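Read through the structure below, which is laid out as structure tokens, and then see the notes.
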Amino acid sequence: MQFVQYGMLGALAALAIPIVIHLLFRNRPKTIELGTLQFLVIVLRENARRRKLKRWLLLILRLAAVFLIALLFARPYLLATESSVADDRLAILLVDRSASMGLKGNGNATSLSRAIDKAQSVISSVGPKTQVEVALFDRTVRSLGDPRGLNRELKPSAGVGTDYSTAFAWARDVCVRSKRPKQEIHLFTDLQRSGLRQSEAVALAPGIDVRVVDVGRAFPKNVAVTAVEASPSTPRPGGTLTITASVFNASPMPVSSLPVRLHLESGDAERDMDKIVDLDGATTKQIVFELKDSPKGLWRGYVEASLEGDELRFDDRRYLAIDVAPPATVWLLDGDAGRYAGGDETYFLNAALRLAPEGKKYDKTPFDPKVVDVSVSGVPDLEGAGAVVLANVANLSAADARRLAAFVSDGGGLVVFTGDRFGSPAAQSLSHVGLGVGEVVDAQATVDLPWRLDRWEESHPIFRPFADPEHGDLHRPAFNTITRIKPSTSARVLASYRGGTPALLESSHGKGKVLWFTSACDRDWGNWPRGRLYVPLVHQILAYATGLAEGGSVRRVPSSEDSAPGVIASGRTVRVTNADPFESDMARCTIKDLASRFGFRLPGPTATAANVSTTTSERGTTDERLRPNEIWPYLAAGLFGILLLEQFLANRTSA
């Protein structure tokens, strides 16, 4: 048996009080022989013996009451029960494996290696009944089903940042599912402040103990390239390309004569530019590189800052890819061309994509439209094209349909506008090669109110810019006639008219996209080409079909466990992955900052995973929380019974 409050055992000295009272106030009667009472002597002698026995019992009860009161304040608990409770608990180990955990300290061991060693020490110290859950975290959490999977062979994530809220949210969910009476979280981290700034608050249950183990160190020597931007965003061949790099000195000490290099390559061509910069401590400087007469091509490369003795290498290089290319070629296959000047089916669509009157050219337009009368020349050579538009095409030959299918399967985009000439034959020829979106029912003209867009997917790349009311109200375009289509199970309705009638449908074929708009792109079925939303809407549709709405041929992908920094080609696109720029900031937070953000109580520094005895808080005060193995409730019940018995016996014992 042990006691929470050993000092209260001094109250046992109060046991002397009942003894003193008993000795001082007991009666000492004188004996007088009276002949007339000689027959009562025997009876009185028997009564005296009973009273003496009752008085001794009363003394014992009072001593026991004082003894139990002293034990109550001392709060005893049983050692055997304590060990059992200590084993019956949940221990969650969260190990930070973000990129900054690759920082080496004394003994050439990384922060992650030190964290793993300390976590293994906790695992080896727990009892056999303890439930142990281990997880590695950075921006995401990866649970280790077997704690033995935690070993020094694990490496820090490649450029991935820190997010404490993700780790605590996972631990909270594990605690909610567990029925263990005692739950504790062990966090092994380098206390990087950027992981705290980007974290949302996660509320933990009040009874969960959180122990934070600091394995990092302050003020490492580190220079990072945290950002690279190219201007213009869509460079054209022969123009001037400006690349701006942000170089950050994470150390408080200044750095002088730091070499910074830009390297670009496209095929066999290469370009290198070098600059020397000076950086003050904890500052960022913008480095500008200018490349004139940029040749056509997909240029891939990096900006690198080379600091001798840099202790974190993951952020020294930042990758980039730049597609120096002319505007995306869009073939407009006109199904109703040449009726009169300005009356082609694609007249308004062509002008909207060129962003210039006929015969003129706007250099900054993202599209280069080319019009073809499909009834005369069929589908042209689509090599190098970004998208194809079928505008009110009555029919397609099987060969043309197969060429379109091959083009879309290779990553191209197909946009279909219906009209008075479009019908089941054209729809069936497209459906036979996998470019359909459903069954064409009929063309339906309005009787009273025009057809207007009623619903659309606001999160879709086509409609995302229109989430801002200042960019226009998509309810305004009006249509006199639409083509009713019954969508197939593989088609996705992106927008609809009133009553749920599909307006814009999407499907995929191979690597490409197929979009069907159920009205005409000219003024035959509505006056929407004259509205101010015509140009932005058709631009968004074609931008999505060509991939420009998703970044064009260059896609930026966040770093992750499965995606290390670099430039990787994938079909018509390249993926650029870089380290999280916030991970380069090695400023540290305190354990109190973590506790304040996530609202947990910290045990004292003397607490360990195997030690479940009394712990101290940060202020050094005793842990006053109730232990599940304390026996004072039983002592209180015994004291109550003794006091009742003492009161009963005292009322029946004369002085």
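When 204, 241 are screened for being at pLDDT below 95 and closer than 28 Å to residue 599 by Cα, only 204 passes. Name the residue that is farthest from residue 268 (Cα to Cα), counting only residues in region 282-327 that are among the β-branched types (Val, Ile, Thr) and not in a loop (DSSP other than H, G, I, E, B). By that ranking, first place goes to 284. Residues in region 284-305 that are at pLDDT below 95 and over 13 Å from residue 243 (Cα atoms): 293, 295, 296, 297, 298.
Of the numbered criteria (1) free of Cβ contacts under 8 Å to residues at least 60 places away in the same chain; (2) outside any loop (DSSP other than H, G, I, E, B); (3) in the same structural domain as residue 387 (by TED's automatic domain parsing), the one residue 333 fails is (1).
For region 370-381, the criterion of being modelled with pLDDT under 95, crowded, with 22+ Cβ neighbours inside 10 Å and either on the phi < 0 side of the Ramachandran plot or of a type outside the set (Phe, Trp, Tyr) (or both) is met by at least one residue. The residues listed here are 188, 168; of these, the one that is buried (at least 18 other Cβ atoms within 10 Å of the Cβ), among the aromatic types (Phe, Trp, Tyr), touching an Asp or Glu at 6+ places or on another chain (Cβ under 8 Å) and at negative phi is 188.
Restricting 405, 398 to residues that are farther than 17 Å from residue 517 by Cα and buried (at least 19 other Cβ atoms within 10 Å of the Cβ) narrows the list to 405. Among 533, 537, which is surrounded by fewer than 22 Cβ atoms within 10 Å (Cβ to Cβ), modelled with pLDDT of 85 or more, in the same structural domain as residue 416 (by TED's automatic domain parsing) and not hydroxyl-bearing (Ser, Thr, Tyr)? After applying the criteria, what remains is 533.
Every test in (1) surrounded by fewer than 19 Cβ atoms within 10 Å (Cβ to Cβ); (2) in contact with a helix residue (DSSP H, G or I) (Cβ under 8 Å, 6 or more places away or on another chain); (3) assigned to a helix (DSSP H, G or I) is passed by residue 583 save one, and that test is (1).
The values are calculated or read from the model by the stated rules, or taken from the named source; none is laboratory data. Bear in mind the structure is a predicted one, so any value in this text is a computation, not a measurement. Virtual Cβ from ideal backbone geometry, glycine too; neighbours counted across all protein chains shown.
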